[in-house]
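Student: If you scroll down you'll find the structure; I have some questions about it.
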Amino acid sequence: MTPGGGLRERLRDAWLRRGPLARALRPVSWIYRALWNLRLAAYRHGWRHTERVGVPLIVVGNAVAGGAGKTPTVIAVVEHLQRRGLRVGVVSRGYGRTPSAGEDDDIRPVMPQDMPQTVGDEPLLIRRRTGAPVFVGRRRAATARRLLAAHPEVQLIVCDDGLQHLALGRDVEICVFDDRGVGNGWLLPAGPLREPWPRRVDLVLHTGSRPAFDGYRGERRLADHALQADGTAVPLAALAGVALHAVAGIAQPEAFFSMLRARGLDVARTTALPDHYDFDSWRPAPDAGQRLICTEKDALKLWRAAPAALAVPLVFVPEPAFLAALDARVGAHLARLSSPAHDAAQGKP
């Protein structure tokens with residue numbers, strides 16, 4: 001059994017239906033709802049404040065716990081905006097990272113050579129894939145301001161996660177779902193919802209193949225190549241007939257294993273590990289003739305222990321209608337910021 005796998009799988013199953021375990025946890029979810037409502041009221045009445053950072057800000061997040069394809073969506077959004085010629089920055093909390101001693105307010109830039117333990121595996125992947133400036137920090141508004149101070153050329157910011165981080169002002173909200181939808185429709189811990197749903201967001205994007213309700217769709221697939229630790233690309237076609245040991249420390253490891261098999265690869269063994277698994281204590285068992293293969297996010301940590309492992313990038317391509325809707329919203333906010341009325345409100349000549 002994988003570390004924590006038993007409880008994790010029980011909760012995941014319970015969140016799909018309103019069975020005995022979910023019903024037993026329902027009273028705790030009522031407390032969660034009450035606390036959430038108090039938090040909303042604090043912002044609505046001005047007891048707590050939402051901060052804006054001066055450029056349009058897009059939040060890409062989940063309404064459900066457990067991961068739904070948020071990071072591939074962030075990468076797809078950033079790359080699309082870059083293709084339009086826009087200069088984009090990214091902020092993230094950097095889940096699971098250990099801040100370095102002496103860090104100022106826990107905020108730091110992410111560099112391609114950084115270790116995932118210090119900046120987080122997902123921010124590091126975003127930085128390497130997009131080349132965009134990425135900053136991590138617990139207080140996202142302060143993190144965004146730090147990014148803008150270091151990169152004044154940035155025209156807009158994408159926030160990796162943070163849909164429920166109400167202290168951060170946002171102009172566009174993208175809520176990402178996989179095929180689970182909202183599960184049993186209950187709040188944590190009786191269900192997967194981080195906040196009551198439905199609620200108004202700008203764009204709903206489904207990353208799976210069987211959306212549970214209306215929204216835009218996209219195609220999630222493997223790249224046509226795997227990567228070695230030195231960056232060399234190995235065509236997946238060259239792995240035909242090679243016995244593979246597939247390992248994944250992501251929210252839904254079985255999805256990765258299924259995609260490998262769908263490409264005709266010989267997945268002789270699989271190892272599913274918790275999301276954001278650090279691989280510090282994990283060592284692959286000696287498997288004669290089996291090549292280790294993993295996700296690109298896992299490889300950032302696994303290559304230290306298994307430098308011969310192959311990493312397969314995940315590619316997510318949103319449908320054109322989603323990108324058009326995103327462009328319309330981003331364009332409207334950029335136009336507003338460049339208008340004479342906005343300049344006058346800011347005291348500019």
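The values are calculated or read from the model by the stated rules, or taken from the named source; none is laboratory data. These numbers were taken from a predicted model, which means no experiment stands behind them. Reconstructed Cβ throughout: ideal geometry from the backbone, glycine too, with neighbour counts over all protein chains shown.
Student: Return the pair list, or none, for Cβ contacts closer than 7 Å from residues in the stretch 224-235 that are under 19 Å from K301 (Cα atoms) to residues that are assigned to a loop (DSSP other than H, G, I, E, B), at least 6 apart or on different chains.
Tutor: Listed pairs, sorted by first residue: L227/P313; A229/P307.
Student: A further question follows. Taking A149 as the residue in question, decide whether it is surrounded by fewer than 19 Cβ atoms within 10 Å (Cβ to Cβ), in the same structural domain as P196 (by TED's automatic domain parsing) and farther than 14 Å from R93 by Cα.
Tutor: Yes.
Student: Output the number of residues of the stretch 257-278 satisfying the condition of being touching a helix residue (DSSP H, G or I) at 6+ places or on another chain (Cβ under 9 Å) and aromatic (F, W, Y).
Tutor: Result for the stretch 257-278: 1.
Student: Which of (1) surrounded by 22 or more Cβ atoms within 10 Å (Cβ to Cβ); (2) modelled with pLDDT under 95; (3) over 28 Å from A328 (Cα atoms) is the odd one out, the single condition W186 does not satisfy?
Tutor: Every listed condition holds for W186 apart from (2).
Student: Look at the stretch 35-59 and say how many of its residues are in contact with a Leu (Cβ under 8 Å, 6 or more places away or on another chain), part of a loop (DSSP other than H, G, I, E, B) and under 28 Å from G331 (Cβ atoms).
Tutor: Selection size over the stretch 35-59: 5.
Student: How many of the residues in the stretch 297-312 are surrounded by fewer than 20 Cβ atoms within 10 Å (Cβ to Cβ) and either closer than 21 Å to E79 by Cα or not aliphatic (A, V, I, L, M) (or both)?
Tutor: So the count comes out to 3.
Student: Then there's this: Is the stretch 201-211 home to any residue that is exposed (fewer than 15 other Cβ atoms within 10 Å of the Cβ), in a loop (DSSP other than H, G, I, E, B) and free of Cβ contacts under 8 Å to residues at least 60 places away in the same chain?
Tutor: Checked the stretch 201-211: at least one residue is exposed (fewer than 15 other Cβ atoms within 10 Å of the Cβ), in a loop (DSSP other than H, G, I, E, B) and free of Cβ contacts under 8 Å to residues at least 60 places away in the same chain.
Student: Can you name the number of the only condition in (1) without any contact (Cβ under 8 Å) to a residue 40 or more places away in the chain; (2) under 23 Å from R128 (Cβ atoms); (3) buried (at least 20 other Cβ atoms within 10 Å of the Cβ) that L265 fails?
Tutor: For L265, the exception is condition (2).
Student: How many residues are assigned to a helix (DSSP H, G or I), within 18 Å of the chain's Cα centre (by Cα) and at pLDDT 95 or above if we restrict to the stretch 63-101?
Tutor: Qualifying residue count, the stretch 63-101: 9.
Student: Still on this structure: Tell me, yes or no, whether the stretch 176-183 has at least one residue that is at pLDDT below 95, over 25 Å from N37 (Cβ atoms) and in a loop (DSSP other than H, G, I, E, B).
Tutor: yes
Yes/no per residue for (1) touching a helix residue (DSSP H, G or I) at 6+ places or on another chain (Cβ under 7 Å); (2) more than 23 Å from A41 (Cα to Cα):
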position: E122; (1), (2): yes, yes
position: R138; (1), (2): yes, no
position: I157; (1), (2): yes, yes
position: G162; (1), (2): yes, no
position: D179; (1), (2): no, yes
position: L193; (1), (2): no, no
position: L203; (1), (2): yes, yes
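Student: Name the pairs whose Cβ atoms lie under 8 Å apart, with the first residue in the stretch 34-56 and outside the structural domain of G162 (by TED's automatic domain parsing) and free of Cβ contacts under 8 Å to residues at least 24 places away in the same chain, the second among the acidic types (D, E) and surrounded by 11 or more Cβ atoms within 10 Å (Cβ to Cβ), and 6 or more positions between them or separate chains?
Tutor: From residues that are outside the structural domain of G162 (by TED's automatic domain parsing) and free of Cβ contacts under 8 Å to residues at least 24 places away in the same chain, there are no pairs.
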